[in-house]
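The values are calculated or read from the model by the stated rules, or taken from the named source; none is laboratory data. As the structure is a computational prediction, the values presented were derived from the model and not from experiment. Note: ideal-geometry Cβ built from the backbone for every residue, glycine included; neighbour counts use all protein chains shown.
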Amino acid sequence: MDEIHDQNTLVSFFKKEVNNFVNSRNWKKYHTPKNLIQALMIEAAELSQCLLFKGDKIEHILKDETLLANISDEIADVFIYLISIINVLGLDLTKAFIGKMEKNKSKYSVKEFNNGKYYKK
Ligand SMILES: [Mg+2]
């Protein structure tokens, strides 16, 4: 079997994996949207904590294997809770992503926001 990585993995794989993990532990009763969103925020804070009081130069981050491993773990935690929220609410991640990207493209047109401009005055 080929190694699993971003280029050969479908969103449905993540949704099934998280769903099986939750169901096999009988945790569905705890997975309300509110609880999952709060857990997501806690994991996002843990991700932020990885760089707390550290330089934010990309070269320094990429040289530190332990830091990169911690960041990778916290990104996975955030992603797992996002997938849990999607599962509980019956959302389609791909449709949500495409719909929001279209809104972003319209809101932040290349014509207005090129040259490093990041916000409207
Ligand atoms: Mg974590």
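List of remarks:
- Within the range 61-80, residues that are closer than 28 Å to Lys15 by Cα and of a type outside the set (A, V, I, L, M, F, W, C) sit with their Cβ atoms under 6 Å from residues that are at pLDDT 95 or above and near the ligand (Cβ under 9 Å from one of its atoms), at 6+ positions apart or across chains, in these pairs: Glu74/Glu46; Glu74/Leu47; Asp77/Glu43.
- Scanning the range 63-91 for residues that are loosely packed, with under 13 Cβ neighbours inside 10 Å and closer than 18 Å to Asp6 by Cα returns Ala69, Ser72, Ala76.
- Filter result for the condition that a residue is surrounded by 11 or more Cβ atoms within 10 Å (Cβ to Cβ) and over 13 Å from Asn87 (Cβ atoms), over Glu43, Glu3: Glu43
- Candidates Val11, Val22, filtered to the one that is modelled with pLDDT of 95 or more, over 15 Å from the mean Cα position of the chain (by Cα) and of a type in the set (Val, Ile, Thr): Val22
- Boolean, Ile83 is closer than 20 Å to Tyr30 by Cα, touching a Leu at 6+ places or on another chain (Cβ under 9 Å) and within 16 Å of the ligand (Cβ to nearest atom): yes
- Of the candidates Lys28, Lys57, the single residue that is out of contact with any helix residue (DSSP H, G or I) (no Cβ under 8 Å at 6 or more places or on another chain) and basic (Lys, Arg) is Lys57.
- Looking across the range 24-48, the residues that are free of Cβ contacts under 8 Å to residues at least 12 places away in the same chain and of a type outside the set (A, V, I, L, M, F, W, C) come down to Ser24, Arg25, Asn26, Lys28, Lys29, Tyr30, Lys34, Asn35, Gln38, Ser48.
- If the condition is being more than 16 Å from Leu91 (Cβ to Cβ), within 14 Å of the ligand (Cβ to nearest atom) and not hydroxyl-bearing (Ser, Thr, Tyr), then the range 8-50 contributes Gln38, Ala39, Met41, Ile42, Glu43, Ala44, Ala45, Glu46, Leu47, Gln49, Cys50.
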